[in-house]
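Below: one structure, written as structure tokens.
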Amino acid sequence: MRRERAVVTGAAGFIGSHLTDALLAKDWEILGIDNLSAGRREFLDDATDTGRFDLQVADLLDTDISEMIHGYDAIFHLAANPDVRSAAGDTLGHFEQNIRATYLMLEACVEADVNNFVFASTSTVYGEVDRIPTPEDYGPLVPISIYGAAKLAGEALVSSYCHTFGLRSVIYRFANVVGDRSTHNVLHDFIRKLRHDPSRLEILGADPGTDKSYVHVSDTVQAIILGLETANSEVEIFNIGTDDTTLVHDIADIVTQEMGLDGVGYEWTGGVRGGRGWVGDVRTMLLDTERIHSRGWRPRYDSSGAIRAAVRSILG
């Protein structure tokens, strides 16, 4: 039987490198595409050693990749600017990297006759909701961040290309993904601050902070692969997250415990717009994951367990 072949954009990034490793473990052949603006080559050391992985350093915004991806079975489009906090000050960057890049990838798929398109989206497409946990068919979708809006636009493009050109797609709306190889999030922020001054910790927002689901990257990539393997419609959407949430205050407690610190003073900034950490920050997020559960996926870690494992990997 012919070995399955896939393209992973953002392959040197946090989730992309883990997904690459997981696909290679299933004997896939992988072409990774990354401009290395945020990704790191060392995340792909194990992938390179397999002999079934090739990395092309290229920017999707100025490279015609249709010839490059010809003959592959699927595209896993993970390349993006995931920094929710920066979006208000860099709206054009988010448009280019999260909308235009997705459009160009879809155009390349049509040109190269690659019919399976996997798209990494986000829970922030839902915005502030009145139904918790939130299912995939919740609506209307009213994102409150530029990042969420850009990803929702990406979802719309994916859906329209499927119905227009006969592509098949799987869209994943992720909760907050944590784990080793991450390079920025609240865990890194807390650890950096506490290494500078272990007696105090500045925390954005108002005590006890936002309340959200956190999912470990190892669980995330297994859900991505299973969702693709079991998808049975033209456009399939899956929420990926844990069945519980963790407050920012509890995250601070986990970080200080894992760093072996006692008596740390928490100094809350008060936040913006009703205690949010930043403009566009959703107060509460818990996804209904019954759809992916029905396909046989269950996370190994709950929300706090994922955070604790991620903190240990960062400290290690």
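The values are calculated or read from the model by the stated rules, or taken from the named source; none is laboratory data. A quick note: this is a predicted structure, and the numbers were derived from the prediction, not measured. Virtual Cβ from ideal backbone geometry, glycine too; neighbours counted across all protein chains shown. Areas reflect the complete protein model, heavy atoms only, side chains present, ligands, DNA and RNA absent. Shrake-Rupley method; radii C 1.70, N 1.55, O 1.52, S 1.80 Å.
Anything in region 265-309 that is among the basic types (K, R) and either in contact (Cβ under 8 Å) with a residue 60 or more places away in the chain or under 18 Å from V142 (Cβ atoms) (or both)? List them, or say none. Write out each step before concluding.
Residues of region 265-309 among the basic types (K, R): 273, 276, 283, 291, 295, 298, 300, 308.
Those that are among the basic types (K, R) and either in contact (Cβ under 8 Å) with a residue 60 or more places away in the chain or under 18 Å from V142 (Cβ atoms) (or both): R273, R276, R283, R291, R295, R300.
Within region 14-55, restricting attention to residues that are touching a strand residue (DSSP E or B) at 6+ places or on another chain (Cβ under 7 Å) and either of a type in the set (S, T, N, Q) or part of a loop (DSSP other than H, G, I, E, B) (or both), which residue is least open to solvent (accessible area, probe 1.4 Å)? Please lay out each step first, then the result.
Let us first name the residues in region 14-55 that are touching a strand residue (DSSP E or B) at 6+ places or on another chain (Cβ under 7 Å), namely 15-16, 19-20, 23-24, 28-36, 44, 47, 52-55.
Remaining after also requiring either of a type in the set (S, T, N, Q) or part of a loop (DSSP other than H, G, I, E, B) (or both): 20, 28, 35-36, 52.
On the way: T20: 0, W28: 22, N35: 68, L36: 48, R52: 50 Å².
By that ranking, first place goes to T20.
Would you confirm whether any residue within region 12-28 is modelled with pLDDT under 95 and either at positive phi or of a type outside the set (K, R) (or both)?
Filtering region 12-28 for residues modelled with pLDDT under 95 gives none.
No; the residues of region 12-28 include none that is modelled with pLDDT under 95 and either at positive phi or of a type outside the set (K, R) (or both).
Taking P133, is it surrounded by fewer than 19 Cβ atoms within 10 Å (Cβ to Cβ) and more than 30 Å from E258 (Cβ to Cβ)? Let's see the steps before the verdict.
Values: surrounded by fewer than 19 Cβ atoms within 10 Å (Cβ to Cβ): yes; more than 30 Å from E258 (Cβ to Cβ): no.
When the stated conditions are applied, P133 does not pass them.
Identify, please: which residue in region 281-296 is of a type in the set (K, R) and part of a loop (DSSP other than H, G, I, E, B) and is, among those, nearest to L226 (Cα to Cα)?
R295
Got at least one residue in region 300-316 being at pLDDT below 95 and surrounded by fewer than 18 Cβ atoms within 10 Å (Cβ to Cβ)?
Yes, because at least one residue in region 300-316 is at pLDDT below 95 and surrounded by fewer than 18 Cβ atoms within 10 Å (Cβ to Cβ).
Restricting to region 82-97, name every residue that is open to solvent by less than 60 Å² (accessible area, probe 1.4 Å), under 13 Å from S145 (Cα atoms) and touching a residue at least 12 places away in the same chain (Cβ under 8 Å).
D83, V84, A87, H94
Give me the residue from region 60-74 that is more than 23 Å from the chain's Cα centre (by Cα) and in a helix (DSSP H, G or I) and, out of that set, surrounded by the fewest Cβ atoms within 10 Å (Cβ to Cβ).
The residue in question is E67.
Could you check G51 against (1) among the small types (G, A, S); (2) closer than 20 Å to A12 by Cβ; (3) in contact (Cβ under 8 Å) with a residue 12 or more places away in the chain and say which number it fails?
Only one criterion is unmet by G51, namely (3).
Residues D281, D288: which one is within 19 Å of V177 (Cα to Cα) and either modelled with pLDDT of 95 or more or in contact with a His (Cβ under 8 Å, 6 or more places away or on another chain) (or both)? It would help to see each step written out before you state the result.
Values: D281 fails: either modelled with pLDDT of 95 or more or in contact with a His (Cβ under 8 Å, 6 or more places away or on another chain) (or both).
Only one candidate passes the filter, namely D288.
How many of the residues in region 1-13 are open to solvent by 10 Å² or more (accessible area, probe 1.4 Å) and in contact with a Ser or Thr (Cβ under 7 Å, 6 or more places away or on another chain)?
0
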